[in-house]
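Written out below as structure tokens is the structure these notes cover.
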Amino acid sequence: MTDTSADLVILGGGSGGYACALRAAELGLSVVLVEKDKLGGTCLHRGCIPTKALLHAAEVADSARDGDQFGVKSSLEGIDIAGVNSYKDGVVNRLFKGLQGLVKSKGITYVNGAGTLTSPTTVEVEGATYTGRHVVLATGSYARSLPGLDIGGRVITSDQALNLDFVPERVVVLGGGVIGVEFASVWRSFGAEVTVVEALPRLVPNEDEYLSKQLERAFRRRGITFKTGVRFTGVTQDDTSVSVNLESGEQLDADLLLVAVGRGPNSAGHGFEEVGVATDRGFVVTDERLRTSVPGVFAVGDLVPGLQLAHRGFQQGIFVAEEIAGLNPSTIDEAGIPRVTYCEPEVASVGLTETAAKEKYGEVQTLVYDLGGNGKSQILKTSGAVKLVKAGAKGQDGPVVGVHMIGARVGELIGEAQLIYNWEAFPGEVAELVHAHPTQNEALGEAHLALAGKPLHAHG
């Protein structure tokens, strides 16, 4: 048995784990990074990157289909799914190779194998023991299912959906959250008939209610069927189809059932509880500085309760590296983490929903700026809006505490939006900034002009 010592031993090489490793190495700490699958984790290989590649292919399909409205004679002859997958895999592989080279160049000891936490300072991998002054748990998450709903055959999760070698004609998507509406959007663009089933009263239920209503309206225009406030009760399948039963008594027949009911923490079987790491429903419990119940052991990413976003894990990884290095970094405000759903139209937000802001501040002021007044949005032929939430009643000074957007490409606006929230900007301060014309970014400027009491391209 071999024993290797380092300042940090990191269990998991996804967004949180590798970011922690890179930042720690940059700060002069010795690092062992353990990953049982591929460096980059779910985000790179089975999540963010491949799904967004599919969504871009879907956008290209829509552009080809709709060329006439721009005066371009084009048509969609069909979807070459092998070609789509080749494009998707090419993007993933290039990023994978780049990340491998980056980790190697930083002098990080990379261990490919399944690791088990055996003490507060040791991780065992296939008979070898790695000892660290600190251990960081970054084992990520897995695609969840429902009790009694077995994955297999024509019942799939996002893992299998990413590697389909055909375009289904009919799909039922169980779950109207981020993963569900993104795949629904892709398949609809590829020509499938799609029905989304969501047990809660609205699609993207974690977003501001205004965005949910706007997305539902857009999905209706696209021909995507959705059923909200109704629960799944069972499924049967044969070699060619699935039949999905709902508590309403309705039966939906399709080629595939995509189970998109969220992701669970990948904490079982890694020795966490045996060493004394406190968990809650499988999630590792931490304080605001991401310390677990065991001294010297930290946790980051989807393993920690909260938003399951790659960039959250990435930032937490950096935070932990700096914490261990003694830099005393500022804690991360969860509400200040930007959120983007990459369906068509896109949904992007940062900060508090109107409901959450009222709970925190009592009185709030809201403003909705319609993208109909934005030149670039009209060029793109997209509809949507920017909704702002300000702390305090109308006529009172207060920071903007929520920015909520829907429309094509609004995910690209989230950078400024997160600065507005995280720097606690007042509407008048943002209104003084110059926004380039014609850009969709102007919509943020116009919304803040209106909220500051000097609307130009806005009614009210």
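For the chain, the Kirkwood radius over C-alpha pairs fed into Stokes-Einstein at 20 °C and 1.002 mPa s yields D = 90 µm² per second. Excluding residues on the same chain fewer than 8 positions from residue 73, give the lysines whose Cα lies under 19 Å from its Cα. Within the straight-line cut-off, residue 73 pairs with 381.
Compute and list, largest first, the equivalent-ellipsoid semi-axes of the range 110-162 from the alpha carbon gyration tensor, each √(5λ) rounded to a whole angstrom.
33, 12, 10
In whole angstrom, the range 137-288 maps to an equivalent ellipsoid with semi-axes of 29, 19, 15, each derived as √(5λ) from the alpha carbon gyration tensor and ordered largest first.
With Cα atoms as the point set, the radius of gyration and Dmax of the range 165-209 evaluate to 11.0, 36 Å.
Could you rank 361, 421 by how accessible they are, 1.4 Å probe, largest area first?
I get 361, 421, largest accessible area first.
With no solvent and one point per C-alpha, what does the Debye sum give as log10 I(q)/I(0) for the range 319-414 at q = 0.11, 0.18, 0.19, 0.22 Å⁻¹? Debye intensities relative to I(0), on a log10 scale: -0.44, -0.86, -0.91, -1.04. Computed over the chain, the per-residue total of -39500 (n - 2.57) for DSSP H runs of n ≥ 4 gives a 222 nm mean residue ellipticity of -9500 deg cm²/dmol, rounded to 500. Spin-label pair residue 240-residue 76: with each label point 7 Å from Cα along the Cα-Cβ axis, the two points sit 2.5 nm from one another. With protein chains left intact and a 1.4 Å probe, residues in the chain average 45 Å² of accessible area per residue.
Taking a ≥ b ≥ c as the square roots of the eigenvalues of the Cα gyration tensor, the range 168-254 is classed as oblate, since a/c reaches at least 1.5 and a/b does not exceed b/c. Partners of residue 360 within straight-line reach, counting lysines whose Cα lies under 29 Å from its Cα and excluding those fewer than 8 residues away in the same chain: 213, 387, 390, 394, 454.
Remark on the range 367-460: Rg and Dmax equal 12.1, 36 Å (Cα only). The residue 63 and residue 159 beta-carbon pair, evaluated with R₀ = 41 Å, returns a calculated FRET efficiency of approximately 0.90.
The phi torsions of the range 293-306, fed into the Karplus equation with coefficients 6.51, -1.76 and 1.60 and a -60° offset, translate into couplings of 6, 9, x, x, 10, 10, 9, 9, x, 4, 5, 9, x, x Hz, rounded to whole numbers, with Gly and Pro shown as x. Distances between every pair of Cα atoms in the range 235-359, grouped in 10 Å steps from 0 to the bin holding the largest one, split as 10, 28, 27, 22, 11, 3 percent.
Rg and Dmax of the range 51-135, based on Cα coordinates, read 22.6, 66 Å. Across the chain, Cα pairs under 8 Å and at least six residues apart give a relative contact order of 15 percent.
The Stokes-Einstein estimate for the range 92-190, based on a Kirkwood radius over Cα pairs and taken at 20 °C with 1.002 mPa s viscosity, is a diffusion coefficient of 121 µm²/s. To the nearest 10 square angstrom, how much accessible area does residue 369 have with a 1.4 angstrom probe? Counting only protein heavy atoms, residue 369 exposes about 10 Å² to solvent.
Taking the protein heavy atoms of the chain in the context of the full set of protein chains, the accessible area attributed to carbon and sulfur is 49 percent at 1.4 Å.
The spacing between the range 146-160 and the range 64-90, judged by their C-alpha centroids, is 29 Å.
The values are calculated or read from the model by the stated rules, or taken from the named source; none is laboratory data. All of these numbers come straight from a predicted model, not from anything done at the bench. Every residue, glycine as well, gets a Cβ built from its backbone with ideal geometry; the counts of neighbours run over all protein chains shown. The accessibility values were calculated without ligands, DNA or RNA, using every heavy atom of the protein model including side chains. Shrake-Rupley method; radii C 1.70, N 1.55, O 1.52, S 1.80 Å.
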